[in-house]
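Following: one structure in structure tokens, then a few remarks.
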Amino acid sequence: MPLKDILGNHPRTPDSLIGILLELQAEKDRNCVTEEEAREIALHLGITESRVCAVLAFYSFFSTKPRGKHVIRVCKDVPCHVVDTFDVLRTVEDFLGVKAGETTANRKFTVETTSCLGCCDKGPAMRIDGDLYVDLTAERIRQILADIRG
């Protein structure tokens with residue numbers, strides 16, 4: 001969906017900023033918001049471009065750099081780390097052949113680390129796009145990734 005259509009789905013108030021950014025980023029295979037798009041959003045909402053950029057920089061789920069179609073966020077906060085009987089991040093990296101911060105050559109996956117995913121009692125955890133996966137095992141991680149890979 002073009003940015004113009006996304007902007008039309010939201011009120012022209014500063015409170016719409018995060019909703020617009022989330023919808024725009026989700027619509028794009030590259031999972032990012034460009035400078036030009038940030039400028040257009042700012043003009044539409046009547047806010048400064050620096051405010052849009054500040055929101056993009058503050059929240060880890062936004063990116064201004066192209067990423068893969070599926071963004072994998074592995075929790076590296078203390079509660080998930082403590083219950084790890086294996087290394088979640090290493091399992092993901094080994095399966096996909098990329099390190100955290102990298103994107104697979106086919107641009108299908110980007111691997112990132114993140115702080116708390118909000119499910120400390122069910123760790124270890126990871127989020128892929130909008131889906132949360134908890135109580136992970138190495139085998140389950142490989143199956144989840146294989147299913148998404150197709």
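Take segment 136-150 and flag every residue that is among the β-branched types (Val, Ile, Thr) and either farther than 14 Å from Val74 by Cβ or touching a residue at least 40 places away in the same chain (Cβ under 8 Å) (or both).
Listed by number, the residues that qualify are Thr137, Ile141, Ile148.
Just checking, how many residues over segment 7-19 are surrounded by 12 or more Cβ atoms within 10 Å (Cβ to Cβ) and without any contact (Cβ under 8 Å) to a residue 24 or more places away in the chain?
The total comes to 2.
Here's a check for you: in segment 44-74, which residue that is exposed (fewer than 13 other Cβ atoms within 10 Å of the Cβ) and not polar (S, T, N, Q) is nearest to Gly150 (Cα to Cα)?
Step one: list which residues in segment 44-74 are exposed (fewer than 13 other Cβ atoms within 10 Å of the Cβ), which gives 46, 48, 50, 54, 57-60, 65.
Checking which are not polar (S, T, N, Q) leaves us with 46, 54, 57-59, 65.
Working: Gly46: 43, Ala54: 36, Ala57: 32, Phe58: 33, Tyr59: 30, Lys65: 25 Å.
Filtering segment 44-74 for residues that are exposed (fewer than 13 other Cβ atoms within 10 Å of the Cβ) and not polar (S, T, N, Q), the one nearest to Gly150 (Cα to Cα) comes out as Lys65.
Here are some residues: Glu102, Glu36, Glu49. Which one is touching a helix residue (DSSP H, G or I) at 6+ places or on another chain (Cβ under 7 Å) and among the acidic types (Asp, Glu)? Write out each step before concluding.
Details: Glu102 fails: touching a helix residue (DSSP H, G or I) at 6+ places or on another chain (Cβ under 7 Å); Glu36 fails: touching a helix residue (DSSP H, G or I) at 6+ places or on another chain (Cβ under 7 Å).
Exactly one of Glu102, Glu36, Glu49 is touching a helix residue (DSSP H, G or I) at 6+ places or on another chain (Cβ under 7 Å) and among the acidic types (Asp, Glu), namely Glu49.
Going through segment 101-135 one residue at a time, which ones are within 27 Å of Arg30 (Cβ to Cβ), hydrophobic (A, V, I, L, M, F, W, C) and either touching a residue at least 24 places away in the same chain (Cβ under 8 Å) or surrounded by 16 or more Cβ atoms within 10 Å (Cβ to Cβ) (or both)?
Step one: list which residues in segment 101-135 are within 27 Å of Arg30 (Cβ to Cβ), which gives 101-118, 125-133.
Within this subset, residues satisfying the condition of being hydrophobic (A, V, I, L, M, F, W, C) are 105, 109, 111, 116-117, 125-126, 128, 132.
Selection gives Phe109, Val111, Cys116, Leu117, Ala125, Met126, Ile128.
Looking only at segment 26-71, filter to residues that are under 19 Å from Asn106 (Cα atoms) and assigned to a helix (DSSP H, G or I); which one of those is farthest from the chain's Cα centre (by Cα)?
If we take residues in segment 26-71 being under 19 Å from Asn106 (Cα atoms) and assigned to a helix (DSSP H, G or I), then Glu27 is farthest from the chain's Cα centre (by Cα).
Just a yes or no: is a residue in segment 97-117 within 30 Å of Pro11 (Cα to Cα), modelled with pLDDT of 90 or more and not polar (S, T, N, Q)?
no
If you check Ile148 against the conditions, is it closer than 20 Å to Asn31 by Cα, aliphatic (A, V, I, L, M), in contact with a Phe, Trp or Tyr (Cβ under 9 Å, 6 or more places away or on another chain) and surrounded by fewer than 18 Cβ atoms within 10 Å (Cβ to Cβ)?
When the stated conditions are applied, Ile148 passes them.
Specify the residue that is nearest to Cys32 (Cα to Cα); the eligible residues are those in segment 104-142 that are out of contact with any Gly (no Cβ under 9 Å at 6 or more places or on another chain) and small (Gly, Ala, Ser).
My answer is Gly130.
Filter segment 86-137 down to the residues that are outside any helix (DSSP H, G or I) and among the aliphatic types (A, V, I, L, M) and list them by number. Lay out the reasoning, then the answer.
Going through segment 86-137, the residues outside any helix (DSSP H, G or I) turn out to be 86-87, 97-119, 123-137.
If the condition is that a residue be outside any helix (DSSP H, G or I) and among the aliphatic types (A, V, I, L, M), then Val98, Ala100, Ala105, Val111, Leu117, Ala125, Met126, Ile128, Leu132, Val134, Leu136 are the ones that fit.
Among the numbered criteria (1) loosely packed, with under 12 Cβ neighbours inside 10 Å; (2) under 17 Å from the mean Cα position of the chain (by Cα), which one does Lys4 miss?
(2)
The values are calculated or read from the model by the stated rules, or taken from the named source; none is laboratory data. Keep in mind the model is a prediction, meaning the values are calculated, not measured. Note: ideal-geometry Cβ built from the backbone for every residue, glycine included; neighbour counts use all protein chains shown.
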